[in-house]
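Asks: Take this structure first; my questions come after.
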Amino acid sequence: MTSDNRIGPPSFGSERDTLRAFLDYQRVTLAMKCEGLTDEELRQQSMPPSTLSLLGLVRHMAEVERAWFRRVFEDNDAPMVWSDKIDFQAAYDASASTRAEAFAAWETEVENSRRIEREAESLDLAGHQPRWGEEVSLRMVMVHVLLEYGRHNGHADFLREGVDGTVGA
């Protein structure tokens, strides 16, 4: 990684501003973990039997963004990005993927998620989570996706260390 230009979340602010800032901080963190790496390095897998790679994480988070924002609040039947069925594991297979393809899909889904959140009148906006068969609030979705990023950014630390020996940030 070249440098850490992330802007930390605020110490004070509204609930919505705080959730938005923490989510964006985690999104930028994932991008930072991939910074300066070639497609081959991004596809480098952790130790067997795991097939986890940084590029696979980017692809997976595109699926997470779509499943939790677009599918919940706009189109319950929107197809997944890399799977004909609801298979989040398919995104982890980045063997034929490129940075350009994975990041374009992820950035598109992040922008859709940001738009949906900005257009919502409140964090109490309800949407239908088709996998659970129940209603969920925008607040719950933002917290859930934030936790997904936190979990996977922890994996990204180890994957990045495996590529170039850096210490996690």
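The values are calculated or read from the model by the stated rules, or taken from the named source; none is laboratory data. Just so we're clear, the structure is a prediction, and the values are computed from it rather than from any experiment. With ideal geometry, Cβ positions are generated from the backbone for all residues, glycine too; neighbour counts draw on all protein chains shown. For the accessible areas, the whole protein counts, side chains as well, though only heavy atoms, and no ligand, DNA or RNA atoms are used. Shrake-Rupley method; radii C 1.70, N 1.55, O 1.52, S 1.80 Å.
Asks: Under unit Cβ charges (Lys, Arg +1; Asp, Glu -1), what dipole magnitude, rounded to 20 debye, does the chain have relative to its Cα centre?
Replies: In debye, rounded to 20, the chain gives about 200.
Asks: In units of 2.2 N^0.38 Å, what is the alpha-carbon radius of gyration of the stretch 19-74?
Replies: Normalised by 2.2 N^0.38 Å, the Cα Rg of the stretch 19-74 equals 1.31.
Asks: What value, in deg cm²/dmol to 500, does the helix sum -39500 (n - 2.57) over DSSP H runs of n ≥ 4 give at 222 nm once divided by the residues of the chain?
Replies: Only helices count here, giving -17000 deg cm²/dmol.
Asks: Given a 1.4 angstrom probe, I'd like the percentage of the accessible area of the chain that is carbon and sulfur, rounded to a whole number. Could the numbers behind the result be given before it?
Replies: On the way: 4550 of 8660 Å².
Within the chain, the accessible surface is 53 percent carbon and sulfur.
Asks: So, one more: With a 1.4 Å probe and all protein chains left in place, how much accessible area per residue does the chain have, in Å²? Could you put the intermediate results ahead of the total?
Replies: On the way: 8660 Å² over 169 residues.
Accessible area per residue: 51 Å².
Asks: While we're on this one: Given (1) 44, 41, 25; (2) 56, 35, 28; (3) 45, 35, 29 as candidate values of Cα extents along the principal axes in Å, which corresponds to the one derived from the coordinates?
Replies: Checked against the structure: label (1).
Asks: Taking +1 at the Cβ of each Lys and Arg and -1 at the Cβ of each Asp and Glu, which of Phe69, Pro48, Ser11 sits farthest along the dipole of the stretch 1-82 towards its positive end, judged by Cα position relative to the Cα centre?
Replies: The listed residue farthest towards the positive side: Ser11.
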